[in-house]
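The values are calculated or read from the model by the stated rules, or taken from the named source; none is laboratory data. Bear in mind that the values here come from a model prediction, so they are computed numbers and not experimental data. Quick reminder, even Gly has a Cβ in these numbers, built from the backbone with ideal geometry, and neighbours come from all protein chains shown. Only protein heavy atoms, including side chains, enter the accessible area calculation; ligands, DNA and RNA are left aside. Shrake-Rupley method; radii C 1.70, N 1.55, O 1.52, S 1.80 Å.
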Amino acid sequence: MRNPELSLRKEGSEAALRKPAAAAEAASAGLRPDEVRRAAGAVASRETYGALADLFEALSDPTRASIVHLLLDHELCTADVALVLGLKPPAASQHLRLLRVRRLVRTRRDGRLVLYHLDDAHVAQIVALGLAHVLTG
């Protein structure tokens, strides 16, 4: 007999639970079908989880994480980021480009300078919470 929990995971979300056979199989396996149905309703789209994974992938590189941390309290140009973090300007530029594409940082022009800052307060919260977790754990 196949494992109903695995079959529900493979078939995906709420659609599998609407099938009477799937619900009956879950009930007979000792699972809590009502709880499973509620949990399945809370699942976001695959695209949403893809975007979330992209966010964390962008922060998974120590250099990019340090750039985002640096931009928590400072608005800096590429050369400044490179100088503070001991990077070559082209490397800093590439990291900043990726962070901009992933919507973690935004730019503002000041004359000839392009200044980078965090995209919004959510990014600051993610980084601050992540650092708090790392430093206290």
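Of note:
- Annotation note: Cβ proximity below 9 Å between a residue of region 88-117 that is without any contact (Cβ under 8 Å) to a residue 12 or more places away in the chain and a residue that is among the charged types (D, E, K, R) (sequence gap 6+ or interchain) occurs for Thr107/Arg100; Asp110/Glu75.
- The residue that is nearest to Leu59 (Cα to Cα), counting only those in region 86-115 that are touching a His at 6+ places or on another chain (Cβ under 9 Å) and not in a loop (DSSP other than H, G, I, E, B), is Val105.
- Residue count, region 70-108 (criterion: among the β-branched types (Val, Ile, Thr) and either open to solvent by 50 Å² or more (accessible area, probe 1.4 Å) or at positive phi (or both)): 3
- Taking each residue of region 48-68 that is surrounded by 17 or more Cβ atoms within 10 Å (Cβ to Cβ) and looking for partners that are of a type in the set (Gly, Ala, Ser) with beta-carbon atoms closer than 7 Å, six or more apart or interchain, yields Leu59/Ala65; Arg64/Ala58.
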